[in-house]
């Protein structure tokens, strides 16, 4: 009986350590949940989430660095979906377009980057903090602004 109780306690301690380890590995306190997960046509719950990171020049520059490192291979240098790096046969989104398959609000873009949508568009919550993702959202916004001119 003591052995069983020790095993249960060990499992409980392990389970309680997993969320903190996941957070320190890339996710801040705010993260996507099943209610805000990406959905074709958009997700009203995710659409209601506003970016807590102001689109300052520093934020946009940080997002640009992240974009070049992780996104340009598939989405292309200018975000037009022409990078050619999608391996599963998918077509990367044109980030300069005004409307996207999974919604175009800040919260919906955050959810797509955080959780991913397919084998080609993986989630990046294990590689990027929430702040890094919001910086990336701020940079992506500049891509569609440039295409309007």
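The values are calculated or read from the model by the stated rules, or taken from the named source; none is laboratory data. Because the structure is a prediction, the values reported are computed rather than measured. Quick reminder, even Gly has a Cβ in these numbers, built from the backbone with ideal geometry, and neighbours come from all protein chains shown.
Table for the structure above
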read-out	value
Filter pass, residue 45 being farther than 20 Å from residue 122 by Cα, part of a helix (DSSP H, G or I) and at pLDDT 90 or above	yes
Filtered residue count, segment 80-134, keeping only those that are touching a strand residue (DSSP E or B) at 6+ places or on another chain (Cβ under 7 Å) and either in contact (Cβ under 8 Å) with a residue 40 or more places away in the chain or assigned to a loop (DSSP other than H, G, I, E, B) (or both)	2
Residue 93 vs. criteria over 15 Å from the mean Cα position of the chain (by Cα), buried (at least 17 other Cβ atoms within 10 Å of the Cβ) and at pLDDT below 95	no
Selection status of residue 35, without any contact (Cβ under 8 Å) to a residue 60 or more places away in the chain and touching a helix residue (DSSP H, G or I) at 6+ places or on another chain (Cβ under 7 Å)	yes
Positions within segment 49-77 being touching a helix residue (DSSP H, G or I) at 6+ places or on another chain (Cβ under 7 Å), assigned to a loop (DSSP other than H, G, I, E, B) and farther than 19 Å from residue 117 by Cα, in sequence order	50, 51, 52, 53, 55
Some residue of segment 70-88 being over 18 Å from residue 143 (Cβ atoms) and at pLDDT below 95	yes
